[in-house]
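> Just dropping this structure here.
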Amino acid sequence: MSENLSILGSVRAGYKPKLPPSLRKGALKVLISSGAATQSVRDQEQIKALFPNTYGEPILTFNPTEDRQQGSKLNVGVVLSGGQAPGGHNVIAGIFDGIKGIIGSSVLYGFLGGPSGLVEGKYIEIDHSLMSRYRNTGGFDIIQSGRTKLESTEQFDKCIEVAKKLDLDAIIIIGGDDSNTNAAVLAEYFAAKKVNCVVIGCPKTIDGDLKNEHIEVSFGFDTAVKTYSELIGNIERDANSAQKYWHFIKLMGRSASHIGLEAALQTHPNICLISEEIKEKKMTLEQVVNSMTDIIISRSANKKNFGVALIPEGLIEFIPEFKILISELNDALAHHESEIKELIQKDIEIHAKEHGDAEIKEAGKAADMVEVACKHISEASAHLLKNLPEDIQLQLMMDRDPHGNVQVSLVETEKLLIEMVTKELELRNFKGKFATQNHFFGYEGRCAAPSNFDADYCYSLGYAASVLVLRRKNGYMTSIRNLTAGFENWIAGGIPITMMMNVERRHGKDKPVIQKALVDLKGKPFKYFVEHRDEWAKGEEYLYPGPIQYFGPPEVCDVTNYTLMLEHDALK
Ligand code: FBP
């Protein structure tokens, strides 16, 4: 057994990920066919004007060929960006094997700590011995990750310096929608400055919201949801055994509810909220609470004072009154940050004098921040903010991430809902029992050992990236399609990142960003859920998926997720 690997890890290290037919003979034996010119999903004129050098490129499809293409030594830099997702190491392994297969002297550099490593020129060389320790493992620890946004000319110029110093042919950014937006912006800058280095993106995020016709799923979603579903199944069995708790489980997924929906399909909980539906129905928080309370009371009437409720992490941003509050707070924090901070500082000093240091944190933050922020938001939003529990107020006011997003993983929506349901039960004079447990599953799944699907998919994405590098395809994202038809039928290629972009408001300004794919309420996964949720609410139709299996029959080990199978009519 190797020093750093568990028993499973050391056996798993020997797993040979599967590749689509077009990549099996190596990056040199790939023929590329180009489709028609593309357009961005929205705001075409604005995006075209912002990306004059990289807009409108065609979709690329790879085909196997016996004719060996020309190839020479490649120097490639790779960045892991944003939240961890299972399979990132296999993407790097795919790039590594792809470029070394072109010519053994090719070099792969890993920039440390995300995009900041690229800007600051902090890197390591990834060699055979380092790579072999990370094949088929979860995590991003080979080079770590980060969330620095690439947006200033100064940062871009530093990237150029680094690219020139290392004589890079390509920079590959493995990331979610925000990170691939970074990739597109950098690709455009390099093209405008005639820098001889291409920038390529790779679709990562457990959230599953970076997807379209050509990117059927982002990597990591499959493994992360299987991990959460195992835990949810265990909790369901516990709930059904003890019959004494309602478990409120918040699930990661910054914005979209794909994780919650897929976990519901895998485990059949009594309640699963879908943010997109709540938005569509324009439900207020009160209505959401009422709908949960109705189910709790009707189960209790059947002597079932227990159950499991899944809550998507991004929920509050989809409740209309919260959406307005958050967007007004975003603008207030962006435009009045110094005023707010200054007043808080003054307030902290006053409290320090009056109460001593120990109480500074408690006294100096929420109430005063709320007071100041309320001056810059509408009356309705101010009313909502003032009536929230103090913890939630603080969580909503916390610093945005570098891309301007509220850090919803830090907002304890599950506790807010428990508190509000408890109040509603009291109002309704409920005589049953409502004992609760709260959970948040997010970080538990982001670094899990990749499922066979993610191990194969990621390796293929990385390998496909080596072809895009070889052919100098700037501003492209690597794509593997036909994912439910078995790897024998997988189709590799690339799509222009600008094709996925639109203009959105971030940090109080209009910015070009990749459009997020939310749960489609007309889509088959949601419809399937709607058809079954009432029976799941009443009974104990729980499913216990158990742990991910890495060895055994393919129908157990290689199976992907319900969302992908339902979306592509592949559920048997
Ligand atoms: P990416 O979009 O970068 O993949 O990150 C997704 C995510 O895991 C969300 O589900 C979650 O809200 C967020 O990252 C948490 O961020 P952090 O790791 O910075 O706490």
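> Any residue that is away from the ligand (no atom under 16 Å from the Cβ) and either open to solvent by 30 Å² or more (accessible area, probe 1.4 Å) or more than 23 Å from Arg446 (Cα to Cα) (or both) - is there at least one of those in region 83-94?
Checking region 83-94: not a single residue is away from the ligand (no atom under 16 Å from the Cβ) and either open to solvent by 30 Å² or more (accessible area, probe 1.4 Å) or more than 23 Å from Arg446 (Cα to Cα) (or both).
> Taking the options Glu444, Glu419, name whichever one is under 26 Å from Met252 (Cα atoms), at pLDDT 95 or above, surrounded by 14 or more Cβ atoms within 10 Å (Cβ to Cβ) and out of contact with any His (no Cβ under 8 Å at 6 or more places or on another chain).
Criteria check complete, one pass: Glu444.
> If you don't mind, there's one more thing I want to ask. If Lys226 meets every condition in (1) more than 16 Å from the ligand (Cβ to nearest atom); (2) of a type in the set (D, E, K, R); (3) surrounded by 24 or more Cβ atoms within 10 Å (Cβ to Cβ) apart from one, which number is that one?
All conditions pass for Lys226, except number (1).
> Those residues that are open to solvent by 50 Å² or more (accessible area, probe 1.4 Å) and either closer than 30 Å to Arg400 by Cα or among the hydroxyl-bearing types (Ser, Thr, Tyr) (or both), I need them from region 517-540; list them, please.
Result: Leu518, Asp520, Tyr528.
> Shifting gears a bit: Restricting attention to region 320-373, report how many residues are surrounded by fewer than 16 Cβ atoms within 10 Å (Cβ to Cβ), at pLDDT 65 or above and under 16 Å from Asp391 (Cβ atoms).
The total comes to 1.
> Of the residues Ser40, Ser72, Ser22, Ser34, which is open to solvent by 30 Å² or more (accessible area, probe 1.4 Å), under 20 Å from Ile215 (Cβ atoms) and either assigned to a loop (DSSP other than H, G, I, E, B) or not charged (D, E, K, R) (or both)?
Ser34
> Related question: Return the only residue of Asn182, Asn136, Asn212 being closer than 22 Å to Ile480 by Cα, surrounded by fewer than 22 Cβ atoms within 10 Å (Cβ to Cβ) and within 21 Å of the chain's Cα centre (by Cα).
Every option except Asn212 fails the conditions.
> Let me ask something additional. Which of the helices (runs of 4 or more DSSP H) contained wholly in region 241-333 include at least 2 residues that are in contact with a Leu (Cβ under 6 Å, 6 or more places away or on another chain)?
Per the criteria, 258-267, 275-280.
> Within region 173-197, track down each residue that is away from the ligand (no atom under 16 Å from the Cβ) and in contact (Cβ under 8 Å) with a residue 60 or more places away in the chain.
Of everything in region 173-197, those that are away from the ligand (no atom under 16 Å from the Cβ) and in contact (Cβ under 8 Å) with a residue 60 or more places away in the chain turn out to be Val185, Ala187, Glu188, Phe190, Ala191, Ala192.
> Let me ask something else about it. Looking at region 143-164, can you tell me whether even one residue there is open to solvent by 10 Å² or more (accessible area, probe 1.4 Å), more than 27 Å from the chain's Cα centre (by Cα) and under 20 Å from Asp97 (Cβ atoms)?
Looking through region 143-164, none of the residues is open to solvent by 10 Å² or more (accessible area, probe 1.4 Å), more than 27 Å from the chain's Cα centre (by Cα) and under 20 Å from Asp97 (Cβ atoms).
> Please return the ranges of strands (runs of 3 or more DSSP E) entirely within region 457-523 where 2 or more residues are modelled with pLDDT of 95 or more and in contact with a Pro (Cβ under 9 Å, 6 or more places away or on another chain).
Those strands (runs of 3 or more DSSP E) span 476-481, 491-496, 501-506.
> Next question, about the same structure. Could we say that Lys122 is without any contact (Cβ under 8 Å) to a residue 12 or more places away in the chain and open to solvent by 40 Å² or more (accessible area, probe 1.4 Å) here?
yes
> Among Ser145, Ser179, Ser218, Ser241, which is of a type in the set (Gly, Ala, Ser) and at pLDDT below 95?
Among Ser145, Ser179, Ser218, Ser241, only Ser179 is of a type in the set (Gly, Ala, Ser) and at pLDDT below 95.
> Which of the residues that make up region 529-566 are assigned to a helix (DSSP H, G or I), more than 23 Å from the chain's Cα centre (by Cα) and not aliphatic (A, V, I, L, M)?
Hits for region 529-566 are Glu531, His532, Arg533, Asp534, Glu535, Trp536, Lys538, Pro554, Glu555, Cys557.
> Just checking, how many residues over region 207-240 are in contact with a Lys or Arg (Cβ under 8 Å, 6 or more places away or on another chain) and outside any loop (DSSP other than H, G, I, E, B)?
Matching residues across region 207-240 total 2.
> Out of the residues in region 6-19 that are more than 27 Å from the chain's Cα centre (by Cα) and among the hydrophobic types (A, V, I, L, M, F, W, C), which is surrounded by the most Cβ atoms within 10 Å (Cβ to Cβ)?
Val11
> Among the candidates Ser218, Ser257, Ser291, which residue alone is under 19 Å from Val421 (Cβ atoms), among the small types (Gly, Ala, Ser) and either without any contact (Cβ under 8 Å) to a residue 40 or more places away in the chain or within 16 Å of the ligand (Cβ to nearest atom) (or both)?
Sole residue among the options that is under 19 Å from Val421 (Cβ atoms), among the small types (Gly, Ala, Ser) and either without any contact (Cβ under 8 Å) to a residue 40 or more places away in the chain or within 16 Å of the ligand (Cβ to nearest atom) (or both): Ser291.
Quick grid of which residues meet (1) touching a strand residue (DSSP E or B) at 6+ places or on another chain (Cβ under 9 Å); (2) away from the ligand (no atom under 11 Å from the Cβ); (3) farther than 30 Å from Leu150 by Cβ; (4) of a type in the set (Phe, Trp, Tyr):
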| site | (1), (2), (3), (4) |
| --- | --- |
| Asn405 | yes, no, no, no |
| Glu412 | yes, yes, yes, no |
| Met420 | no, yes, yes, no |
| Leu427 | no, yes, yes, no |
| His439 | yes, yes, yes, no |
| Tyr457 | yes, yes, no, yes |
| Ala464 | yes, yes, no, no |
| Leu470 | yes, yes, no, no |
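The values are calculated or read from the model by the stated rules, or taken from the named source; none is laboratory data. No experiment lies behind these values; they were computed from the predicted model shown. Glycine gets a Cβ as well: all are built from the backbone with ideal geometry, and neighbour counts include every protein chain shown. Each accessible area value is taken on the protein alone, full model and side chains, heavy atoms only, with ligands, DNA and RNA left out. Shrake-Rupley method; radii C 1.70, N 1.55, O 1.52, S 1.80 Å.
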